[in-house]
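Here the structure comes first, spelled out in structure tokens, and everything after it is commentary.
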Amino acid sequence: MKAVPNVISGFRICLVPVFFVVYFSDTQDIKVYAVIVYALATLSDFLDGYLARKLKASSNLGKILDPLGDKLMTVSVMACITIDKVIPVWAVIVAGVKEILMGVGGIVLYRIANAEIPPSNKIGKASTVVFFLVCVTLMMFRNLPSGAAIALISTAIALMFAALASYINTYFTVMRTRGE
């Protein structure tokens with residue numbers, strides 16, 4: 001049972017190429033199916049975290065697989081809606097840089113500082129929910145005016161950076177308490 005959260009995270013990683021294929025399929029109503037795949041991935045993100053806490057099955061592998069699945073899906077969704085010309089290229093670049101910074105920060109905490117990777121917090125969870133809602137809106141309502149699409153994705157990206165700032169704060173707090 002303790003491996004279930006990691007299996008769910010692995011499943012989410014496997015949904016990334018499925019999302020790409022479904023998103024760019026020629027089937028009518030395909031965006032609805034892409035949203036379903038994305039919703040399944042997002043729900044699996046919350047489920048694996050819940051089960052890891054409930055089953056006391058938190059593991060270092062899970063602390064790698066979970067954010068890896070999140071980052072891959074986040075960048076994939078943004079890449080698809082960018083390729084589809086719903087949002088500008090700069091948005092996916094900025095979000096990609098943020099995801100890389102978060103990944104590098106996690107590696108630094110784990111490897112160099114020998115500290116536990118901090119769990120997600122309220123800002124991170126709020127960012128995830130807002131990002132999901134924004135991307136679903138952009139996928140389902142592709143004819144939004146360009147300014148509205150940019151405002152939506154900019155809001156989601158701003159929250160992503162707020163989450164990054166909170167994790168950086170957590171890092172410095174950990175370092176201070178360790179006397180480094």
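Could you work out the helix-only [θ] at 222 nm for the chain, with each DSSP H run of four or more residues adding -39,500 (n - 2.57) and the total divided by the number of residues, to the nearest 500 deg cm²/dmol? It would help to have the intermediate numbers written out before the result.
On the way: 6 runs with 139 residues, N = 180.
Theoretical 222 nm ellipticity from helices: -27000 deg cm²/dmol.
Would you mind giving the average projected area, over all directions, of the Cα convex hull of the stretch 1-67 in nm² with one decimal?
Dividing the Cα hull surface by four gives the mean projection, 4.3 nm².
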Could you calculate the FRET efficiency of I36 with I168 from 1/(1 + (r/R0)^6), where r is the beta carbon distance between them and R0 is 35 Å, rounded to 0.05?
0.50
For the chain: relative contact order, % (alpha-carbon pairs under 8 angstrom, 6 or more apart):
23
Highest mean first, what order results for 38-44, 13-19 on Cβ atoms within 10 Å?
38-44, 13-19
More than 22 angstrom separation, counting every C-alpha pair in the chain; what % is that?
47
Under Karplus coefficients 6.51, -1.76 and 1.60, residue-wise ³J(HN,Hα) of the stretch 66-74 in Hz, glycine/proline x
4, x, 4, x, 4, 5, 4, 5, 4
Using the Karplus curve 6.51 cos²θ - 1.76 cosθ + 1.60 with θ = phi - 60°, what ³J(HN,Hα) values do you get for each residue of the stretch 148-159, in whole Hz, with x for Gly and Pro?
5, 4, 5, 4, 5, 5, 5, 4, 4, 5, 4, 5
Gain in length, K125 to A79, computed as 0.36 nm per residue apart minus the alpha-carbon separation, to one decimal in nm?
14.4 nm
Neighbour-count ranking [beta-carbon atoms within 10 angstrom, fewest first] of L159, L55
L55, L159
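Quick note: the coordinates plus some simple rules give every number you see, no bench work behind them. Treat the numbers as computed from the prediction; the structure is a model and nothing was measured. Neighbour counts run over all protein chains shown; Cβ positions are idealised from the backbone, glycine included.
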